[in-house]
1. Report yes if ILE49 is modelled with pLDDT of 85 or more and out of contact with any His (no Cβ under 7 Å at 6 or more places or on another chain), otherwise no.
2. If you check every pair at least six apart or on different chains, which have Cβ atoms under 9 Å apart with a residue in the stretch 118-134 that is within 18 Å of ALA10 (Cα to Cα) and modelled with pLDDT under 90 first and a residue that is surrounded by 10 or more Cβ atoms within 10 Å (Cβ to Cβ) and not basic (Lys, Arg) second?
3. Considering the stretch 40-59 alone, what residues qualify as being aliphatic (A, V, I, L, M) and without any contact (Cβ under 8 Å) to a residue 12 or more places away in the chain?
4. Tally up the residues in the stretch 85-117 that are assigned to a loop (DSSP other than H, G, I, E, B), surrounded by 13 or more Cβ atoms within 10 Å (Cβ to Cβ) and free of Cβ contacts under 8 Å to residues at least 12 places away in the same chain, please.
5. Determine whether LEU82 is touching a residue at least 40 places away in the same chain (Cβ under 8 Å), in contact with a helix residue (DSSP H, G or I) (Cβ under 6 Å, 6 or more places away or on another chain) and either among the small types (Gly, Ala, Ser) or under 27 Å from LYS3 (Cα atoms) (or both).
Amino acid sequence: MKKINQYFYAGCIAYTVASTILIVMCLIKNKGDFQVKSYASMLIIIIFIQIILYFMENLQVKSQFVHMSLELFMIIIITFTLGMPTKLIRIESIYDVIEIITMLILTYGITILSLYLNSRNDANYINRMLKERR
């Protein structure tokens, strides 16, 4: 159950970070046309990504760097594959591709950092409780 909660937590963080970044980008560009349908598409993409990442845990990749690179690659592929048909992603130039990949890397990095900090806090709490019992 802890593993499922972790993926749900990661999906929530990713959705929140991506939404915040998109809102800021829309405000900077003076685009007020970002609709509820876009948020729904983003949620579907994030849920699909979380399902794929959940099953990727069984790959038994030894290197953390390789594992994280594979995850990021899958996130980019899924986002472009599902984002273009749902019109969440519109590519008019190479700069749009770079912007989207940058947003994905930022979102992934913040999500991983949040998960790491959450795990570290849990470990510290458990260790503190064990010390108090001695």
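The values are calculated or read from the model by the stated rules, or taken from the named source; none is laboratory data. In this text the structure is predicted, and so the values were computed from the model without any measurement. Virtual Cβ from ideal backbone geometry, glycine too; neighbours counted across all protein chains shown.
1. yes
2. ASN118/GLN6; ASN118/TYR9; SER119/GLN6
3. ALA40, ILE51, LEU59 - these are the residues of the stretch 40-59 that are aliphatic (A, V, I, L, M) and without any contact (Cβ under 8 Å) to a residue 12 or more places away in the chain.
4. Result for the stretch 85-117: 2.
5. yes
A quick yes/no check of all residues on (1) among the hydroxyl-bearing types (Ser, Thr, Tyr); (2) at pLDDT 80 or above:
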| site | (1), (2) |
| --- | --- |
| ILE4 | no, no |
| CYS12 | no, yes |
| MET25 | no, no |
| ALA40 | no, no |
| HIS67 | no, yes |
| ILE78 | no, yes |
| THR102 | yes, yes |
